[in-house]
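K.L.:
Below you will find the structure I want to go over with you.
The values are calculated or read from the model by the stated rules, or taken from the named source; none is laboratory data. Just so it is clear, the model here is predicted, and its values are computed rather than measured. Ideal geometry is used to build each Cβ from the backbone, glycine not excepted, and the neighbour counts take in all protein chains shown.
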Protein chains: 2
Amino acid sequence: MKIVVLKFGGTSVGTIKKIKKVAGIIADYRKKNFKVIVVSSAMSGVTNELVKKSREISENFSDTEYDVLVSSGEQVACSLIAGSLIHKGLKSRSWLAWQIPILTKGLHKNSRINKINKNKILNYLKDGGIPIITGFQGIDDEERITTTGRGGSDASAIMLAKFFKAQKCIIYTDVEGVYTTDPNKLKKAKKIKVISYEEMLEMASLGAKVMQPVSIQDARLNRINIEVKSSFVKKSGTLITKRSNIINNKIITGISSTNNDAKVSLIGVKDKPGVAASIFKPLSKKSINVDMVVQNISANGKETDLTFTIKSEDLNKTKKIILENKNIKFRNLLLKDGVSKISIIGVGMITTPGVTFRMFQTLANEKINIQVISTSEIKISVLIDKNYTKKALKALHKEFKLDN
Amino acid sequence: MKIVVLKFGGTSVGTIKKIKKVAGIIADYRKKNFKVIVVSSAMSGVTNELVKKSREISENFSDTEYDVLVSSGEQVACSLIAGSLIHKGLKSRSWLAWQIPILTKGLHKNSRINKINKNKILNYLKDGGIPIITGFQGIDDEERITTTGRGGSDASAIMLAKFFKAQKCIIYTDVEGVYTTDPNKLKKAKKIKVISYEEMLEMASLGAKVMQPVSIQDARLNRINIEVKSSFVKKSGTLITKRSNIINNKIITGISSTNNDAKVSLIGVKDKPGVAASIFKPLSKKSINVDMVVQNISANGKETDLTFTIKSEDLNKTKKIILENKNIKFRNLLLKDGVSKISIIGVGMITTPGVTFRMFQTLANEKINIQVISTSEIKISVLIDKNYTKKALKALHKEFKLDN
């Protein structure tokens with residue numbers, strides 16, 4: 001069976017008019033002799049509205065009931081899509097996660113899909129039906145409804161593609177694909193035709209909000225080709241696939257930048273095992289997300305300097321935690337708000353020497369000072385003053401030939 | 001186990017504030033050492049909103065998907081109530097119909113509860129939990145979601161009371177109980193303390209919208225005591241119970257009246273078997289609800305006159321059907337809009353002679369002409385000009401001592 005999984009995000013099914021459009025997209029795939037499995041999110045705004053209701057009941061609203069509450073949104077969207085296809089004369093029906101069932105493991109509000117019972121859906125596909133499956137949810141061992149966390153419909157789609165050995169998983173969303181950089185920040189940003197899982201993972205981690213990193217990782221592990229595209233325009237999107245499928249003549253695939261970061265430097269930290277943990281453990285406990293971490297080589301073998309970035313909004317909280325925690329020892333604390341992390345990403349840099357130099361030279365030419373540097377196999381990140389973000393993006397985008 | 005079933009209608013759970021109030025009512029019952037089973041409708045307005053969405057997709061929206069769509073409303077309400085009770089420190093959880101399961105028979109959109117699996121709920125009650133069960137729905141043999149028609153949460157409550165042998169079923173709604181007549185039409189209307197199933201059935205059929213007749217009938221057949229009361233005020237409501245439980249010194253329990261009725265008379269209809277059917281079949285097919293039907297004894301043994309009432313809005317449609325249907329034969333067709341049906345209801349009339357006379361005399365004193373008369377064991381209905389409705393209600397309410 002030639003199976004394709006189509007996943008529609010909340011904005012794609014945000015109104016009845018859009019749902020009808022989505023039904024048209026599904027019908028087109030059906031005509032191409034694909035067996036189509038559809039996964040849908042809740043209509044945009046619905047989940048937030050339900051979460052708001054739960055908070056009005058209690059700031060500590062029960063996790064199990066939260067899952068029952070918010071999972072209703074996908075039920076509504078799926079029945080409307082199925083109804084729309086039936087109206088078009090197609091055989092379709094909604095499949096709620098418990099009816100399949102989709103089994104999950106882990107905590108409520110944050111489960112992971114563990115197993116999908118294939119029998120019913122396979123029979124339904126063989127009978128020519130188009131199943132419309134509720135994303136973002138499953139049931140646990142006790143038949144209680146679970147959800148897979150925000151953005152979890154992508155995870156549902158990837159896992160369905162895996163279990164049903166789909167040829168492709170198409171993620172329909174409100175953007176046309178993945179861009180070389182944020183089009184809101186740089187007009188010359190271009191849609192990327194094809195990108196590797198690894199590059200996409202870096203892009204997602206760095207704020208390209210097209211897909212959750214966990215779903216990209218699942219796709220990578222299961223070698224599932226993903227296409228990210230818009231449900232509003234008839235244009236091809238971005239294909240996310242394995243490296244060997246990509247004939248790339250560009251060294252750099254994309255450039256990302258963060259906003260509203262702050263830099264924290266601890267000067268004169270004891271250079272011994274467990275020190276970093278003693279610093280990050282209390283921050284983690286208070287849900288402060290530490291991003292970039294850089295530690296220099298110890299000059300005298302006794303002390304070192306540790307720098308990390310956090311969101312600007314967490315700066316005061318972080319300062320308080322560091323100053324009040326007696327286990328964190330250092331000589332001096334430097335705090336700097338208003339920094340931005342610029343990252344260039346590309347598998348091409350593995351085989352191309354001099355990329356680092358070209359990045360630094362480009363920034364130097366623009367008289368942009370580099371505060372901190374961090375590199376991985378396919379990514380180079382630098383911290384700069386946030387006022388130079390656009391300037392840096394523009395220069396790097398040109399330097400690495402992403403403008404055309 | 002001393003079990004009570006509490007059912008909350010849409011207006012009772014219409015806002016978060018009201019849901020918190022409902023949680024308070026449930027907690028109070030729990031304190032009285034009752035095992036409490038809760039059934040909830042969707043938050044008011046939600047079901048209509050969902051139905052509207054389905055109609056925007058298609059005027060012939062799939063019945064099976066309709067059930068999936070609208071049943072989501074109860075899921076939301078139940079999780080919020082359970083969450084609110086958990087917040088109060090009580091053991092509670094939502095139970096969706098499929099989790100119990102509640103099994104139904106019949107068509108989608110209009111199923112009837114056939115069986116309720118008691119094990120899980122009984123164990124949960126024994127463990128001290130308060131189950132919050134989605135009303136209005138169940139699953140069929142194929143595990144597809146079904147609904148029991150509008151107002152179906154009452155039916156769910158009655159069936160739960162039956163299967164769990166509850167001592168009482170309390171229907172919380174937005175009115176304080178059942179009244180001697182519509183308080184909007186007559187200020188002197190009084191709340192009825194206790195009423196028999198049979199009287200309540202007549203009242204419900206005649207437009208007292210407190211409960212659906214089918215649920216009252218289910219309660220009657222299973223001898224379940226129902227209390228109808230308001231979730232907004234702490235006052236006792238109306239007890240609906242079997243006749244033998246009622247010590248009633250009133251002949252008449254209530255008076256009802258209809259609005260916007262029209263009268264259709266077919267003069268000179270052949271007096272032979274199958275004639276009435278030939279008239280009402282095409283009307284039924286077009287979903288025209290025929291209410292009062294009166295046929296006079298045939299004067300000459302060959303012809304008779306047939307009169308029935310319908311809603312005013314159906315008058316033109318009815319006229320067209322009768323005139324266009326060749327199987328309906330008559331000499332003359334009389335149509336009259338603007339009639340009202342006034343009914344007095346009471347088991348007391350069985351043992352009290354002269355009730356009919358008193359009713360007719362009271363109307364005669366007010367110079368109100370009676371157009372058609374129809375009686376049953378515990379009800380007398382007359383058709384009058386609708387302009388005299390209030391006058392008739394006032395006079396009859398006084399005559400049968402319902403004013404005090």
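K.L.:
Looking only at the stretch B:212-225, decide whether some residue is modelled with pLDDT under 90 and hydroxyl-bearing (Ser, Thr, Tyr).
P.N.:
Checked against the condition, which is being modelled with pLDDT under 90 and hydroxyl-bearing (Ser, Thr, Tyr), the stretch B:212-225 yields at least one hit.
K.L.:
Which numbered condition in (1) farther than 14 Å from A:Ile251 by Cβ; (2) part of a helix (DSSP H, G or I); (3) touching a helix residue (DSSP H, G or I) at 6+ places or on another chain (Cβ under 9 Å) is the only one that A:Asp337 fails?
P.N.:
Looking at each condition in turn, A:Asp337 falls short on (2).
K.L.:
All but one of (1) within 16 Å of the chain's Cα centre (by Cα); (2) crowded, with 24+ Cβ neighbours inside 10 Å; (3) within 23 Å of A:Lys35 (Cα to Cα) hold for A:Ala166, so report the exception by its number.
P.N.:
Just one mismatch for A:Ala166, condition (1).
K.L.:
Name the residue, out of A:Lys235, A:Lys209, that is modelled with pLDDT under 90, charged (D, E, K, R) and in a loop (DSSP other than H, G, I, E, B). First the steps, then the outcome.
P.N.:
Values: A:Lys235 fails: modelled with pLDDT under 90.
One residue alone meets the criteria, A:Lys209.
K.L.:
Next up: Which residue, of A:Ile195, A:Ile252, A:Ile216, A:Ile247, is part of a loop (DSSP other than H, G, I, E, B), β-branched (Val, Ile, Thr) and crowded, with 21+ Cβ neighbours inside 10 Å? Quick ask: steps written out before the conclusion?
P.N.:
Numbers: A:Ile195 fails: part of a loop (DSSP other than H, G, I, E, B); A:Ile216 fails: part of a loop (DSSP other than H, G, I, E, B); A:Ile247 fails: crowded, with 21+ Cβ neighbours inside 10 Å.
So the residue among A:Ile195, A:Ile252, A:Ile216, A:Ile247 that is part of a loop (DSSP other than H, G, I, E, B), β-branched (Val, Ile, Thr) and crowded, with 21+ Cβ neighbours inside 10 Å is A:Ile252.
K.L.:
Scan the stretch A:123-160 for residues that are surrounded by 24 or more Cβ atoms within 10 Å (Cβ to Cβ) and at positive phi and jot them down.
P.N.:
Hit for the stretch A:123-160 is A:Phe136, nothing else.
K.L.:
Under the condition of being part of a helix (DSSP H, G or I) and more than 12 Å from chain A (Cβ to nearest Cβ), which residue from the stretch B:124-148 is nearest to the chain's Cα centre (by Cα)?
P.N.:
B:Leu125
K.L.:
Something else now. Would a scan of the stretch A:280-289 turn up a residue that is aliphatic (A, V, I, L, M) and touching a residue at least 40 places away in the same chain (Cβ under 8 Å)?
P.N.:
no
K.L.:
Only one of A:Val228, A:Val269 is at pLDDT 90 or above, not hydroxyl-bearing (Ser, Thr, Tyr) and not in a loop (DSSP other than H, G, I, E, B). Can you tell me which?
P.N.:
Numbers: A:Val269 fails: at pLDDT 90 or above.
Testing whether each residue is at pLDDT 90 or above, not hydroxyl-bearing (Ser, Thr, Tyr) and not in a loop (DSSP other than H, G, I, E, B) leaves just A:Val228.
K.L.:
Another question, if that's okay. Regarding A:Thr258, is this residue closer than 30 Å to A:Pro183 by Cβ and modelled with pLDDT of 90 or more?
P.N.:
It is false that A:Thr258 is closer than 30 Å to A:Pro183 by Cβ and modelled with pLDDT of 90 or more.
K.L.:
If we scan the stretch A:158-180, do we find a residue that is outside any loop (DSSP other than H, G, I, E, B), at pLDDT below 95 and under 22 Å from A:Leu393 (Cβ atoms)?
P.N.:
Within the stretch A:158-180 (the criterion being outside any loop (DSSP other than H, G, I, E, B), at pLDDT below 95 and under 22 Å from A:Leu393 (Cβ atoms)), the answer is yes, since at least one residue qualifies.
K.L.:
Please report, ordered by residue number, the strands (runs of 3 or more DSSP E) entirely within the stretch B:16-115 with at least 2 residues that are within 14 Å of chain A (Cβ to nearest Cβ).
P.N.:
Details: elements: B:35-40, B:92-95, B:102-105.
Ranges flagged: B:35-40, B:92-95.
K.L.:
When the residues of the stretch A:30-83 are narrowed to those that are in contact (Cβ under 8 Å) with a residue 60 or more places away in the chain, within 24 Å of A:Gln167 (Cα to Cα) and among the charged types (D, E, K, R), which ends up surrounded by the fewest Cβ atoms within 10 Å (Cβ to Cβ)?
P.N.:
A:Arg30
K.L.:
Criterion first (farther than 26 Å from B:Ile26 by Cβ and either at pLDDT below 95 or not small (Gly, Ala, Ser) (or both)) does B:His87 satisfy it? Spell out how you get there, then give the answer.
P.N.:
Values: farther than 26 Å from B:Ile26 by Cβ: no; either at pLDDT below 95 or not small (Gly, Ala, Ser) (or both): yes.
No: the conditions fail for B:His87.
K.L.:
Looking at (1) within 14 Å of chain B (Cβ to nearest Cβ); (2) assigned to a helix (DSSP H, G or I); (3) crowded, with 16+ Cβ neighbours inside 10 Å, which one does A:Lys120 not meet, given that it meets all the others?
P.N.:
Against the list (1) within 14 Å of chain B (Cβ to nearest Cβ); (2) assigned to a helix (DSSP H, G or I); (3) crowded, with 16+ Cβ neighbours inside 10 Å, A:Lys120 comes up short only on (3).
K.L.:
Looking at the stretch B:290-324 only, could you name the residues that are exposed (fewer than 14 other Cβ atoms within 10 Å of the Cβ), assigned to a loop (DSSP other than H, G, I, E, B) and touching a residue at least 40 places away in the same chain (Cβ under 8 Å)?
P.N.:
If the condition is that a residue be exposed (fewer than 14 other Cβ atoms within 10 Å of the Cβ), assigned to a loop (DSSP other than H, G, I, E, B) and touching a residue at least 40 places away in the same chain (Cβ under 8 Å), then no residue fits.
K.L.:
So which of A:Leu125, A:Leu186 ends up being outside the structural domain of A:Asp28 (by TED's automatic domain parsing) and in contact (Cβ under 8 Å) with a residue 60 or more places away in the chain?
P.N.:
A:Leu186
K.L.:
In the stretch B:354-364, is there at least one residue being over 26 Å from the mean Cα position of the chain (by Cα), part of a loop (DSSP other than H, G, I, E, B), modelled with pLDDT under 95 and more than 30 Å from B:Lys285 (Cβ to Cβ)?
P.N.:
For the stretch B:354-364, residues over 26 Å from the mean Cα position of the chain (by Cα), part of a loop (DSSP other than H, G, I, E, B), modelled with pLDDT under 95 and more than 30 Å from B:Lys285 (Cβ to Cβ): present.
K.L.:
Any residue at all in the stretch A:149-168 that is touching a residue at least 40 places away in the same chain (Cβ under 8 Å) and within 14 Å of chain B (Cβ to nearest Cβ)?
P.N.:
Scanning the stretch A:149-168, I find no residue that is touching a residue at least 40 places away in the same chain (Cβ under 8 Å) and within 14 Å of chain B (Cβ to nearest Cβ), so the answer is no.
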